[in-house]
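For reference, the structure is listed below as structure tokens.
Derivation of every value follows stated rules applied to the coordinates shown; laboratory data play no part. These numbers were taken from a predicted model, which means no experiment stands behind them. Here Cβ is always computed from backbone atoms with ideal geometry, including for glycine, and neighbour counts include all displayed protein chains.
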Amino acid sequence: MFGHLMSGAPDHDGCSIVMDFDQALVTCLHGTMGTPYMANEAAVKTRFGVIEMKGLTPPKYRRHQFTDELVGRAITWNYSPGLTSMHLYSTPHSLSWIIFLENGSGGLEWSGPASYVKIRDELYFAYWLEEACNGTLGTILINLRTMHDCGVGYHGGPNGLSLSTVGAHARHAGRFDVLKYFST
């Protein structure tokens, strides 16, 4: 996984990309700044493709796909330095989170648009948007085998546009059977 901020692009484009060399597949979360609603709000498009390079034979028709396998899971993430949050993968198209205070009690809460892409078993590429507040697109590669993630944050704010890296250790915090409320 890597991210790239394209300086000089008309919509201040930034991409988070996962390249799967075993399957010769790639997924790009293409972030832009500015929506019809707010100038400093992030937007995203998901693009599925293949890796074309010597030594790899990309599949003709198969691509990574959106998934609902995370829906209903609650996972806590311990970021450094000292930030702990819980993500609830609440619907196929949204993510809710809470950031805990230093004393362990609940603090800031938010929900926003999201989607989840299955890279392979127990490995997911996810994004969430923090709408109407700070122009943030969060992208993470979630590894449920190692209970770790890595990611790229795409931010617009008073100091301009930036990318930042994130990574955290995780633990399961429960599961809710909410998928039954969504038609598949």
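Panel order for Cys15, Cys28, Cys150, by other beta carbons found within 10 Å of each beta carbon, from fewest to most: Cys150, Cys28, Cys15.
Only Cα pairs under 8 Å and at least 6 apart count here; give the relative contact order of segment 1-111 as a rounded whole percent.
Details: 198 pairs, mean separation 15.2, N = 111.
Relative CO of segment 1-111 lands at 14 percent.
Working from label points 7 Å from Cα in the Cα-to-Cβ sense, the Phe66 to Asn143 distance is 2.7 nm. The local environment of Arg47, defined by Cβ-Cβ distances under 15 Å, has a net charge of -2 under the rule Lys, Arg +1 and Asp, Glu -1.
Which whole-number percent is the relative contact order of segment 90-144 (Cα, under 8 Å, 6+ apart)? Write down the numbers at each step before the final one.
Numbers: 94 pairs, mean separation 14.0, N = 55.
Once divided by the residue count of segment 90-144, the mean separation gives 26 percent.
Rounded to the nearest Hz, the phi-derived 3J(HN,Hα) couplings of segment 107-119 under the Karplus curve 6.51 cos²θ - 1.76 cosθ + 1.60 (θ = phi - 60°) are x, 6, 10, 7, 9, x, x, 7, 7, 10, 10, 7, 8, where x marks glycine and proline. In the chain, taking the dipole from charged Cβ atoms about the Cα centre, the farthest positive-side position among Tyr116, Gly153, Gly104 is held by Tyr116.
Charging the Cβ of each Asp and Glu at -1 and of each Lys and Arg at +1, and nothing else, the dipole of the chain about its Cα centre rounds to 560 debye.
For the chain, take every pair of Cα atoms, bin their distances at 5 Å starting from 0, and report each bin as a whole percent. Going from the shortest bin to the longest, the percentages are 1, 8, 15, 20, 20, 17, 11, 5, 2, 0, 0.
Springs join every pair of Cα atoms under 10 Å in this Gaussian network model of the chain, and among Glu41, Glu131, Glu52 the largest mean-square fluctuation is at Glu52. Here Lys60 is the anchor, and the lysines within straight C-alpha reach of less than 25 Å, apart from those fewer than 8 places off in the same chain, are Lys45, Lys118.
Averaging the Cα positions of each part gives two centres, and for segment 4-33 and segment 60-121 these lie 20 Å apart.
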